[in-house]
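The structure appears below as structure tokens.
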Amino acid sequence: MKSGFSKNPEMDGRVFFLLAELSRIRKVPEEELTEEILSLRQATKSEEGSGGEWTAGRVLKSKELLLPLVLVCSLQAGQQCVGINAVSTKENPTKNQCCQHRQTLKRG
């Protein structure tokens, strides 16, 4: 079998075993799987080569990343709002004094 996957003989043994198992499961010849895997690797390399660096503009324009980005930003914004309210309630002496005054009025 021509693997063409790795120069490491131990890795080629694993690849050979995995290809045999995948061939058995899919009921496809190993040669066809080898060609498929090599074409996937070439496609991945060409995508990486043409991609370039990720910039903020590229992330915002990417349709695959827009929804996750909006969800994460809205989650962070919600957490920030809750955190700010909790801190402002604890650190606002006027509100604390008013609450204490109300409690004394109810008791007295």
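The values are calculated or read from the model by the stated rules, or taken from the named source; none is laboratory data. Values in this document were obtained by computation on a predicted structure and should not be read as measured data. Cβ placement follows ideal geometry from the backbone for every residue including glycine, while neighbour counts extend to all protein chains displayed.
Annotation for the stretch 23-40: at least one member residue is at pLDDT 85 or above, within 30 Å of D12 (Cα to Cα) and exposed (fewer than 10 other Cβ atoms within 10 Å of the Cβ). Only residues that are modelled with pLDDT of 85 or more and closer than 27 Å to F16 by Cβ were counted in the stretch 42-73, giving 1. Scanning the stretch 43-76 for residues that are under 30 Å from D12 (Cα atoms) and surrounded by 10 or more Cβ atoms within 10 Å (Cβ to Cβ) yields A43, T44, K45, S46.
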